[in-house]
Amino acid sequence: MLNIRPLPPGLAKKAVEELNEDPSRIPKDLEAIRQWLAKSPHIKARTDDQFLLAFLRGCKYSLERVKEKLDLFYSIRRAIPEVFAEREPSSARMREIMKLGVVLPLPNTETPDSPRIFLVRPGCYDAEKFAVLETWKVSTMIFEIMMREDDNLMVAGQIGVIDLADVTMTAFVQMTPAVIKRMTVIGQDSSPIRDKGTHFINTPPGFYQIFNIFKTFMTEKNKQRTQVHGDNVEKLFEKIPRRLFPTEYGGEAGSIASIIEYWERKIDEYTDYFIEEETEGYGTDEKKRPGKPKNAETLFGLEGSFRQLAFD
């Protein structure tokens, strides 16, 4: 018996029509992935049904894409330690970042089979105190929990709303091409989550200097799904109903503080999971990889080859 959560009818239909899901084939596909992992000496991966199913769905049941995605998912854990090392929920610094609510999954979707919406607020943290990649630690923890628990996310995909209100120049200066490349690999290349759209609001001066670098690393499909609304937040609400947003945005999703508190509790429930991620050594051992090893240089380009951006 598979340990997989059954989908509600609308998402089950979408999984068949959009992801090529055939419930009768899932056991065979899961076994094929496990056999491949068993023959891959460099990868130590989780192999439970729900986790591997997330990759099958995210790759539309292409086993070759699943292998590529899983390999990269675990390779970057060693290559980006500033994001994936020491994800201990009880540490004082982690608690501080969790309470900021830089990335917040909104509790409701437009319809029962619609994508999950994420509100991203880079302006809510002190860039003098935290590096942007450090704040992404909590984001990766949230996404890994949701890969296991959120069927809307894994079947229908995600929509990001990036609110750049109150972003400081210090935060912008942190966004070097090297950092942007890492963020893109984490969010786009190694993740089994399908991106269904990104909306930028409250964009400050200098935004396009950063945005144009992001675009160089984005797939053509993701470029076409990205919209910039500037200060015209009403344009956003024409695309995504206002009611889905927190009360601070005039919506009905509860306060930002209540959403942050929910995710603090949820991450705490997964404390053993995140401790186990380190103690069990999930990731890749590049010394055992057949062929050329993957490291920061091969994944992101030569370190130090980018200069910091200059802003007017």
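Let me cross-check Asp29: its accessible surface, 1.4 Å probe, with only protein heavy atoms counted, in Å² to the nearest 10?
10 Å²
Here are several values of Cα extents along the principal axes in Å: (i) 50, 47, 46; (ii) 72, 61, 34; (iii) 53, 48, 39. Which one was derived from the coordinates shown?
(iii)
If you plug each phi of the range 8-19 into the Karplus form 6.51 cos²θ - 1.76 cosθ + 1.60 with θ = phi - 60°, what whole-Hz ³J(HN,Hα) values come out, in order, with x for Gly and Pro?
Once θ is set to phi - 60°, the couplings for the range 8-19 become x, x, x, 6, 4, 5, 5, 4, 5, 6, 9, 10 Hz.
Please state the charge dipole magnitude for the chain, taken about the Cα centre, from unit charges on C-beta atoms (+1 on K and R, -1 on D and E), reported in debye and rounded to the nearest 20.
Result for the chain is approximately 980 debye, rounded to the nearest 20.
Charges on Cβ only, +1 for Lys and Arg, -1 for Asp and Glu, centred on the Cα centroid of the chain; of Leu153, Tyr208, His42, which one is farthest towards the dipole's positive end?
His42
When only DSSP loop residues count, what trypsin sites (Lys or Arg not before Pro) in the range 1-44 have their Cβ near at most 10 other Cβ atoms within 10 Å?
Of the trypsin sites (Lys or Arg not before Pro), the ones in loops of the range 1-44 whose Cβ has at most 10 other Cβ atoms within 10 Å are Lys39.
Starting from the range 60-149, pick out the trypsin sites (Lys or Arg not before Pro) whose DSSP state is loop and whose Cβ has at most 16 other Cβ atoms within 10 Å.
Lys60, Lys129
How much net charge surrounds Trp263 when only the other residues with a Cβ under 11 Å from the Cβ of Trp263 are counted, with Lys and Arg +1 and Asp and Glu -1?
Here the count lands on -1.
Sorted by accessible area with a 1.4 angstrom probe, largest first, how do Ile240, Ile162 fall?
Result of the area sort, largest leading: Ile162, Ile240.
Over 27 Å between C-alpha atoms is what I'm after, so list which of Lys44/Lys137; Lys67/Lys292; Lys39/Lys60; Lys129/Lys181; Lys69/Lys292; Lys99/Lys221 land there.
Result: Lys99/Lys221 exceed 27 Å.
In Å², and per residue, what accessible area does the range 1-69 have when probed at 1.4 Å with the other protein chains present?
54 Å²
Keeping the other protein chains in place, figure out the carbon and sulfur percent of the accessible area of the chain, with a 1.4 Å probe.
Carbon-and-sulfur percentage of accessible area, whole number: 52.
Of Met183, Ser139, Ile275, which is farthest on the positive side of the dipole of the chain, counting Cα position, with +1 on Lys and Arg Cβ, -1 on Asp and Glu Cβ, and the Cα centre as origin?
Met183
Count the DSSP beta bridges whose two residues both fall in the chain, then state the antiparallel fraction as a percent rounded to the nearest 5.
25 percent
Mind listing the long-range amide H neighbours of Gln227? Cut-off is under 5 Å, sequence gap 5 or more, other chains count too, H placed in the peptide plane at 1.01 Å from N.
The answer is Thr198, His199, Phe200.
Quick check on the range 93-179: what are the equivalent-ellipsoid semi-axes from the Cα gyration tensor, as sqrt(5λ), descending, whole Å?
26, 14, 11
If we count every other residue with Cβ under 9 angstrom of Trp136's Cβ, Lys/Arg +1 and Asp/Glu -1, where does the sum land?
Counting the neighbours of Trp136, the net charge comes to 0.
Cβ under 13 Å from Phe84's Cβ, Phe84 left aside: what net charge do those residues give with Lys, Arg +1 and Asp, Glu -1?
Around Phe84, the charge tally is -2.
The values are calculated or read from the model by the stated rules, or taken from the named source; none is laboratory data. Computed from a predicted model, the values in this text were never measured in an experiment. Cβ atoms come from the backbone with ideal geometry, glycine included; neighbour counts cover every protein chain shown. Remember, those area values only see protein heavy atoms, side chains included, never the ligands or the DNA or RNA. Shrake-Rupley method; radii C 1.70, N 1.55, O 1.52, S 1.80 Å.
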